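Student: One structure, as structure tokens, below. Some questions next.
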């Protein structure tokens, strides 16, 4: 089986932050922080997980696609690193997982992003294989039923303590707002735009808003106690509101 340029490029990109004098298997955090977290959204996290599955299925020596291969780097070492990286992606983003992994959030899951393999799974269920092949599953609610749910779905995945970390200290919220609004709205929820805009305004003006408190509880991220965090969060809500109005 051959490897196309896109998959080869993904392999090099995922390994590059962890390679110097050989592949450092303990540098998963460096790869996650520099490439896969949503602050860099050239490709979403699911894209990387899909590429890892594709790479691990190849019957070729993966080191043959590395530039300046170090004598210590082996095909098995690369495969072990990719497996560790896949597990870390799934740990960080509970809405995506490979076949054989346990569901962490109950709901409708779609195989490889297509509705052809959609099914409802409960927390703890094992995601199935497709004709014995590993695929990537993504959890999506069938249809958001309220403006609150629209926002809660977004924050519960992309604004957790693990995914956002200390980025509030040095990244402008506008960057996040553009990506959030792009992810949130599709044909199924576009009718919620006026209500979401109103809700974002209310949240930005009320530090104790019930939805913000619910978001804090789910994401384990403080947005209201620390003044600096509150100002960033408030700026995010305001920027999201502007994006909604202009979208």
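The values are calculated or read from the model by the stated rules, or taken from the named source; none is laboratory data. Keep in mind that what you see is a predicted model, and the values were worked out from it rather than measured. Positions of Cβ are backbone-derived with ideal geometry, glycine not excepted, and every protein chain shown enters the neighbour counts.
Student: Quick test for you: out of 49, 58, pick the one residue that is over 15 Å from the mean Cα position of the chain (by Cα) and surrounded by 15 or more Cβ atoms within 10 Å (Cβ to Cβ). If you could, list the steps in order and put the result at the bottom.
Tutor: Values: 49 fails: over 15 Å from the mean Cα position of the chain (by Cα).
Result: 58 is the single residue among 49, 58 that is over 15 Å from the mean Cα position of the chain (by Cα) and surrounded by 15 or more Cβ atoms within 10 Å (Cβ to Cβ).
Student: Sort out which residues of segment 201-237 are free of Cβ contacts under 8 Å to residues at least 40 places away in the same chain, under 18 Å from residue 171 (Cβ atoms) and either surrounded by 12 or more Cβ atoms within 10 Å (Cβ to Cβ) or not assigned by TED's automatic domain parsing to the domain that holds residue 164 (or both), and write them in order of number.
Tutor: Scanning segment 201-237 gives 222, 223, 226, 230, 231, 234, 237.
Student: May I pose another question? If we keep just the residues of segment 130-147 that are more than 16 Å from the chain's Cα centre (by Cα) and in a strand (DSSP E or B), which is modelled with the lowest pLDDT?
Tutor: Among them, the one singled out is 130.
Student: Against the definition (over 21 Å from residue 28 (Cβ atoms) and in contact (Cβ under 8 Å) with a residue 12 or more places away in the chain), how does residue 52 come out, yes or no? Lay out the reasoning, then the answer.
Tutor: On the way: over 21 Å from residue 28 (Cβ atoms): no; in contact (Cβ under 8 Å) with a residue 12 or more places away in the chain: yes.
In short, no.
Student: Sticking with this structure for a sec: Name the single residue, out of those in segment 112-129 being under 19 Å from the mean Cα position of the chain (by Cα) and at pLDDT 90 or above, that is farthest from residue 49 (Cα to Cα).
Tutor: Taking segment 112-129 as the starting set, the residues that turn out to be under 19 Å from the mean Cα position of the chain (by Cα) are 112-114, 123, 127.
Keeping just the survivors that are at pLDDT 90 or above gives 123, 127.
Working: 123: 20, 127: 15 Å.
In this case the residue turns out to be 123.
Student: Scan the strands (runs of 3 or more DSSP E) fully inside segment 73-128 and keep the ones with 2 or more residues being over 28 Å from residue 34 (Cβ atoms).
Tutor: Details: elements: 96-98, 107-111, 119-121.
Those strands (runs of 3 or more DSSP E) span 107-111, 119-121.
Student: Identify the single condition in (1) over 18 Å from residue 86 (Cβ atoms); (2) modelled with pLDDT of 80 or more that residue 20 does not satisfy, given that it satisfies every other one.
Tutor: Every condition holds for residue 20 apart from (2).
Student: Now a separate question. Every residue in segment 45-101 that is over 18 Å from residue 127 (Cβ atoms) and in contact with a strand residue (DSSP E or B) (Cβ under 7 Å, 6 or more places away or on another chain), please.
Tutor: 73, 77, 78, 81
Student: Can you pull out the residues in segment 71-102 that are closer than 19 Å to residue 8 by Cβ and surrounded by 14 or more Cβ atoms within 10 Å (Cβ to Cβ)?
Tutor: 73, 74, 77, 78, 79, 81, 82, 85, 86
Student: Now for a separate question. Here is a check on your reading of the model: is residue 31 crowded, with 17+ Cβ neighbours inside 10 Å, out of contact with any helix residue (DSSP H, G or I) (no Cβ under 8 Å at 6 or more places or on another chain) and either at pLDDT below 85 or not assigned by TED's automatic domain parsing to the domain that holds residue 176 (or both)? Write out each step before concluding.
Tutor: Values: crowded, with 17+ Cβ neighbours inside 10 Å: yes; out of contact with any helix residue (DSSP H, G or I) (no Cβ under 8 Å at 6 or more places or on another chain): no; either at pLDDT below 85 or not assigned by TED's automatic domain parsing to the domain that holds residue 176 (or both): yes.
No; evaluated as a whole, the condition is false for this residue.
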